[in-house]
1. What do you reckon, is L148 at pLDDT 95 or above, touching a Lys or Arg at 6+ places or on another chain (Cβ under 8 Å) and not in a loop (DSSP other than H, G, I, E, B)?
2. Just to be sure I understand, how many residues within the stretch 17-63 are among the aliphatic types (A, V, I, L, M) and crowded, with 19+ Cβ neighbours inside 10 Å?
3. Restricting to the stretch 107-143, and then to whatever is of a type in the set (G, A, S) and touching a Lys or Arg at 6+ places or on another chain (Cβ under 9 Å), can you tell me which residue is nearest to K62 (Cα to Cα)?
4. Taking the conditions exactly as written (more than 25 Å from K365 (Cβ to Cβ), part of a loop (DSSP other than H, G, I, E, B) and either in contact with a helix residue (DSSP H, G or I) (Cβ under 8 Å, 6 or more places away or on another chain) or acidic (D, E) (or both)), does K233 satisfy them or not?
5. So L226 passes all but one of these: (1) surrounded by 18 or more Cβ atoms within 10 Å (Cβ to Cβ); (2) aliphatic (A, V, I, L, M); (3) over 30 Å from S51 (Cβ atoms). Which condition number does it fail?
6. Just name the residue that is surrounded by the fewest Cβ atoms within 10 Å (Cβ to Cβ) out of those in the stretch 411-430 that are among the small types (G, A, S) and in contact (Cβ under 8 Å) with a residue 24 or more places away in the chain.
7. Are there any helices (runs of 4 or more DSSP H) wholly within the stretch 268-367 with 3 or more residues that are closer than 14 Å to A256 by Cβ, and if so which?
8. What residue, among those in the stretch 246-293 that are over 30 Å from M408 (Cα atoms) and in contact (Cβ under 8 Å) with a residue 60 or more places away in the chain, is surrounded by the fewest Cβ atoms within 10 Å (Cβ to Cβ)?
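The values are calculated or read from the model by the stated rules, or taken from the named source; none is laboratory data. Given the structure is predicted, the values throughout are model-derived calculations rather than measurements. Counting neighbours? That spans all protein chains shown, and the Cβs are built from the backbone with ideal geometry, glycine included.
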Amino acid sequence: MSGTESLSTEAIHEKIYAMGKRARAAGHALANLAADQKNTILRAMAAELRSQVTGILFENAKDLEAGRENGLSSALLDRLRLNESRLEAMADGIEQVAQLSDPVGDVLDERERPNGMKIQQVRVPIGVIGIIYESRPNVTSDAAVLCLKSGNATILRGGSEAIHSNRAICDALQAGGEAEGLPPSSIQLVPFTDRESVKEMASMDRYLDLIIPRGGKGLIETVVSLSRMPVIKHYDGICHVFVDEAADLEMARLIAVDAKTQKPGVCNAMETLLVHEKVAERLLPDVASSLARLGVELRGCQRTEEILGAVVGEATEEDWQAEYLDLILSIKVVASKGEAIEHINLYGSHHTDCIVTEDRESAEKFLREVDSACTFHNLSTRFSDGEEFGFGAEIGISTDKIHARGPMALRELTSYQYRVRGDGQLKESP
């Protein structure tokens, strides 16, 4: 079936629900796999991915050609592009997940009641997880692998711009895994990209236990508005670096440059730089010079314009709430730590925010009072990542506050179950 073939609403409904039914059966089987079985399957998946490099790159070339014809930006094309090194990194990531501790079966709490009843709280798989995402074909591998390791079946719905790449990757993972005992339909990719498929997945609470959308704000809002099951999400990555009056200014310059330019098109890149007024005149010229050499467009508040002159353009209210995902940075000079914290809590997206300071008390105040999933002290926001945290691959960064927050890896893809054991206890009537 062509990735762009149009199907009737009824046909999409039937196909999506058939996938859900198969996924539910696969989820029950996956929940009973031992950790060593899952690890063997994962290593086989990595091997198959390596063996299919030529075919996957051939399919990726189709997506890149279509993307150029459709006017995708250079940043989006880069997200879409695969090469041998990126596929090798993908395979390495699978093998790293195989080496991670399996969370399923972990005992979270254990107690015995006065009547002899023994209670355990144990990690268990969620069941069937739907992933709806855009652009990045590496998400196909990350999502499937993490769901498998945590004992979950998964239904993947990628965007039209990566349909050929996603199919090739998904087929390689399922085929490689099945050779070592992966249950059929553990990893399924929706083979068409009609928008109706998102609606059908969102209504399929009989078979889907959780949906995780990854993509633009419009996609996430659509999924949230339609879903009849829980959704774990983050809308934007409006990340800040605040340079305190007690900062090491050379460290601050290096952190700001790295956080903005190391990879600007990702959710943990800095979008706004806040600078304490007591160090602004000393710091901003050096920061602006370093960023200008790397092609960064600067937009600043009135005080920033006074310091930098023609180097910086005027920042508007929209800039403070913009996720540029590009070489653009807004800058604001603030009078205090309190003003910086207030600005972040008002305009930020509760993703990742950093303070640069040598004052421990100021750092602790910032870490405690900024209402974000990740708060950093003296390091680039680019470290807000599951692999950097030692979790292995991740499905995304959650800015929700219930169940999962921050980098979503294996533990965040589990729930828990109470297992209660007795020896004949009865709940007697009063």
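1. Details: at pLDDT 95 or above: yes; touching a Lys or Arg at 6+ places or on another chain (Cβ under 8 Å): yes; not in a loop (DSSP other than H, G, I, E, B): yes.
Spelling it out, L148 is indeed at pLDDT 95 or above, touching a Lys or Arg at 6+ places or on another chain (Cβ under 8 Å) and not in a loop (DSSP other than H, G, I, E, B).
2. Step one: filter the stretch 17-63 for residues among the aliphatic types (A, V, I, L, M), giving 18-19, 23, 25-26, 29-31, 33-35, 41-42, 44-47, 49, 53, 56-57, 61.
Cutting the leftovers down to crowded, with 19+ Cβ neighbours inside 10 Å gives us 19, 23, 26, 30, 33, 41-42, 44-46, 49, 56.
Residues flagged as among the aliphatic types (A, V, I, L, M) and crowded, with 19+ Cβ neighbours inside 10 Å within the stretch 17-63 amount to 12.
3. Ranking the qualifying residues of the stretch 107-143, first place goes to S135.
4. So K233 passes the test.
5. (1)
6. G422
7. Counting at least 3 such residues, we get 280-293.
8. D248
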